[in-house]
Each structure stands twice: as C-alpha cells, then as structure tokens.
Amino acid sequence: MNIGIVCYPTYGGSGVVATELGMALAQKGHQVHFVTSHQPVKLNFLNHNLHFHEVFVENYPLFHYQPYNLALSSKLVESVEKYNLDVLHVHYAIPHAYAAYMAKQMLKDVGIDIPIVTTLHGTDITLVGSHPVYKPAVEFSINHSDAVTTVSQSLKEDTLRLFNIRKNIEVIYNFIDFEQQENWNSEDCIRGTLAKPDEKILAHVSNLRPVKRVLDVIRIFHKVQEQISAKLILVGDGPDREKADLLAKELGINEKILFLGKSDEIRKILCLSDLFLLPSETESFGLAALEAMAGKTPVISSNTGGLPEVNIDGVTGFLSDVGNVDEMAKNAIYLLSNEKRLEKFKQQAFNEAHRFSIDSILPKYEKMYMRVIKNGH
Ligand code: GMT
C-alpha cells in the first residue's frame, strides 16, 4: 500500500507512535510518505520505502497566525496525486483531521476519493479538543473520517462522552518494538555512570507540562530518598522544568536529581532505572509507562484515563488517585526496599509489556487501511 502519514514531528507521544508505525510499515514493504512540518525526530533514516515531504508555510506580514492548515491540505493534495497514495493516516485530530478532510474534498474535484484514518491520541480530545473553541471542528472531522481509532478504551469512552460521534471507534493500543529493544538492552545498561552501587534509580520522562504533575514526581522522590538511598533522573523539557528545579532546591534534594533535558537515549535510561514515576493528571494511554515496562522497570502511576489498561496494579507496579503523593511514595518504598520483590515486579512489568508488541498491533492498522481502501473503490 501507499500510505500517507501526518503527525507532529517533535517530541510527544503521538509523533513517536506515528513515526514508529510508519517505519514498521515501511519495513514490511509498504511505501510510507510522512507529510509533516519537519522531518520527525525519530525518523532517523529514509530509504526507498520511507519518504518525507515538508509542509512549508509561506508567511505574509498580514497574517497574525500562519495558515498551517491550508499549507498542509495543499501538500496532502499534491502528495496524494504525485505518489498515488491509497490512504491518509492522520495522528492527533487538531488540526490534522480537519486538514485531511479539506484535502479529501479538493481531491474529489479531480476524481480521487482518498480514505482518511484518524487516530485520536489524548489531549486532542480531553484537554484541547473538547474546548468550545475547537469542539465543532474536531467533532466534524472525526465524524467525516473513514475510520477512527483511539489508543485506549478509556479514550474511546472519553470521546463518546465529550462529542456527538456517529462513527464506530476502534481501540488500537500504543505498541513496543521488542526487536529494537534487544539491540540496546544489555551492554548499554551501565548504572555506574549515573548512581553509586547502593543507590536506587527512579526515573520520569515527559514533556514536563502541568498535565504530567512533575511537582508530584519531586515530592514522591523527596519522601522516598528519606528512607532509601536513591537518585532521580528527569528526562524531557517543558514549561514546568523551572518549577521542578525550584521545588527540588527548596526541599534540599537538587543534588540527588539529574535533569537530562531532551534525550534520544530514553530506552537506555529506562533500562538502568529501578522505578518509573508517572503521576499524570490525565493520560490516554501512557506510552512512557509502556516503554518503562519494556525496559524491565515497574511503574508507580496515577489511575487516570488509560493507565489502568497498561499498568496493572500489584503486578507491573501500583496505581493511586491523582495527587496522592503519600500513597505513591509508600508504594515506591515498598518495592525498592525488598530486592526479591523488586526483581519480581521488574520481570512482571517486562512480561506484561508484551501484550503491546508491535507484532500484534501493526496488522490491526493494516487491516483497517485495507478495509477503508476497499470501501472507497
Ligand atoms: O501529552 C503528551 O504526553 C503528548 C501526547 C501527544 O499526543 O503527543 O501524548 C498522548 O499520546 C500518547 C501516544 O498515543 C499517549 O501514550 C499519551 O498518554 C497521551 N498523553 C495524554 O493523554 C496526556
């Protein structure tokens, strides 16, 4: 198949999922065309099956906001015609589903009916999409997609609750490519560079936005390190980084925290961590939690959104109500204070991560593409 993929190319779960999906499809022999504002950060190689087309926005002094939607629709029309695309798969509804709908209408004028698959990722529904400013356009573009997927059952329920949806929604979970995992698992995991042998390593990876509750991460770690010799690794950058730094200084624990900023070495960091913290306010799936589990790291998380579908309470880690820092710290100490118990949870986390192996998820997308392509022709 000739598949067009639209996503945010920078750091963020939806872009990571879209890019890894595209690379896996290309590996299986499909022609994959990314139509994005920049080359996706995770798209580290292009080959005869993998292509990138940049959406260029021509600026003009009159514009207060750059008309990215228009430029994307135009580029999609051009790409569908030029590369004979069979299907467009757009990740994150705003503004991608809307821009794809416009492209579909334009293409009808030249006798092409291109099917659109929209994957909803989370904040495009829960935080931003349901805001009155965007809601009518998001609802319209979901209802006019040829197929719609969500990354968890919980996000499907949120979508049906917050919007008036007339389409069937299929749940297709985020995934892990275990083959890639094996390439870095063993010899790269050298803990000595980050912590002393007797220190436990806790980790948090996110875009440090308020929704991730990074201050809770600092507070949980503060309680843990009072009882257990430990280090905290914070990976990522975002608006709450300074606040987190300030709180760490206030609590006198900044020496024990490593702020690593944005990193492409996330899997390497996760495989040398003992525990992953994800106390988010909302989380449609929690790809970071799954990546941690695939790196044999148990997860202490909130029980919001799709997290209970990924992190199994008492098996792969523990779940608590949003903001219940005391309980999260207690659970972390419970795991870190007993080597045998910690090892058991590490193995269980790794085992459960296999429910989300790319080998079972990829065929679901392929089947969906085939279905919408057949329906349209
Ligand atoms: O908010 C983020 O973490 C980024 C966001 C995105 O769309 O880039 O992530 C969302 O999509 C991920 C991939 O499907 C999910 O695993 C995350 O749970 C989801 N984030 C939220 O719902 C807050």
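Which of the residue pairs Lys296/Lys367; Lys196/Lys268; Lys268/Lys346; Lys196/Lys346; Lys28/Lys344 have a Cα-Cα distance greater than 25 Å in the structure shown? Write out the running numbers ahead of the final one.
Numbers: Lys296/Lys367 31 Å; Lys196/Lys268 17 Å; Lys268/Lys346 16 Å; Lys196/Lys346 20 Å; Lys28/Lys344 35 Å.
Among Lys296/Lys367; Lys196/Lys268; Lys268/Lys346; Lys196/Lys346; Lys28/Lys344, the Cα-Cα distance tops 25 Å for Lys296/Lys367; Lys28/Lys344.
Round to the nearest 0.05 the FRET efficiency obtained for Asp321 and Leu46 when R0 = 35 Å and r is the Cβ-Cβ distance. Calculated transfer efficiency: 0.20. Each pair of Cα atoms in the chain enters the Kirkwood radius, and Stokes-Einstein at 10 °C and 1.306 mPa s then converts it into a translational diffusion coefficient of 74 µm²/s.
Full extension of the chain between Glu157 and Phe140 yields a length gain of 4.3 nm, computed as 0.36 nm times the residue separation minus the alpha carbon distance.
Here the label points at Arg371 and Asn351, each 7 Å from Cα along the C-beta direction, are separated by 3.2 nm in the simple model.
Taking the C-alpha atoms only, the angle from helix 358-376 to the longest principal axis of the chain is near 20 degrees.
Out of every Cα pair in segment 56-99, what percent are spaced more than 11 Å from each other? Of all Cα-Cα pairs in segment 56-99, 69 percent lie more than 11 Å apart. Projected over every direction and averaged, the convex hull enclosing the alpha-carbon atoms of segment 245-324 yields 5.9 nm².
Taking label positions 7 Å along the Cα-Cβ direction at both Thr10 and Phe259, the computed distance is 1.8 nm, reported to one decimal.
Taken over segment 178-355, the percentage of Cα pairs per 10 Å bin, counting from 0 up to the bin with the maximum distance, is 10, 43, 39, 8, 0. As a proxy for reagent exposure, Val322, Val148 were ordered by neighbouring Cβ count within 10 angstrom, fewest first; the result is Val322, Val148.
Out of segment 249-280, which GluC sites (Glu not before Pro) are coil in DSSP terms and have no more than 14 other C-beta atoms within 10 Å?
Values: sites: Glu250, Glu255, Glu265; in loops: Glu265.
Sparse-neighbourhood loop GluC sites (Glu not before Pro): Glu265.
Only lysines eight or more places from Lys262 in sequence, or on another chain, were considered; those with a Cα closer than 20 Å are Lys42, Lys212, Lys231, Lys243.
Which of rounded, prolate or oblate describes segment 166-277 when judged by the alpha-carbon gyration tensor and an a/c cut-off of 1.5? Mind showing how you got there, number by number?
Values: a/c = 2.19, a/b = 1.24, b/c = 1.77.
Note, shape of segment 166-277 comes out oblate.
Sequence-ordered 3J(HN,Hα) estimates for segment 196-208 from the Karplus curve with 6.51, -1.76 and 1.60 and θ = phi - 60° stand at 6, x, 8, 8, 7, 10, 9, 9, 9, 10, 6, 8, 6 Hz, glycine and proline given as x. Remark on Ser302: its backbone amide H falls under 5 Å from those of Leu278, Ser280, Ser320, a criterion applied only to residues 5 or more positions apart or on other chains, H modelled at 1.01 Å from N.
Along segment 313-329 the Karplus relation, 6.51 cos²θ - 1.76 cosθ + 1.60 evaluated at θ = phi - 60°, assigns HN-Hα couplings of 4, x, 10, 9, x, 9, 10, 9, 4, 4, x, 7, 4, 4, 5, 5, 5 Hz to successive residues, with x for each Gly and Pro. Residues in segment 163-171 carry Karplus couplings, in order, of 10, 9, 9, 9, 9, 6, 10, 9, 8 Hz; the curve used is 6.51 cos²θ - 1.76 cosθ + 1.60 with θ = phi - 60°, and Gly or Pro positions show x.
Please give the calculated 222 nm ellipticity per residue for the chain, where each DSSP H segment of at least 4 residues contributes -39500 (n - 2.57) and the sum is spread over every residue; nearest 500 deg cm²/dmol? Walk me through the intermediate numbers first.
On the way: 14 runs with 161 residues, N = 377.
Calculated from helices alone, the mean residue ellipticity at 222 nm is -13000 deg cm²/dmol.
Rule-based calculations on the coordinates, nothing more; no lab input. Predicted model only: the values in this text are computed from it and were never measured. We place every Cβ from the backbone using ideal geometry, glycine too, and count neighbours over all the protein chains shown.
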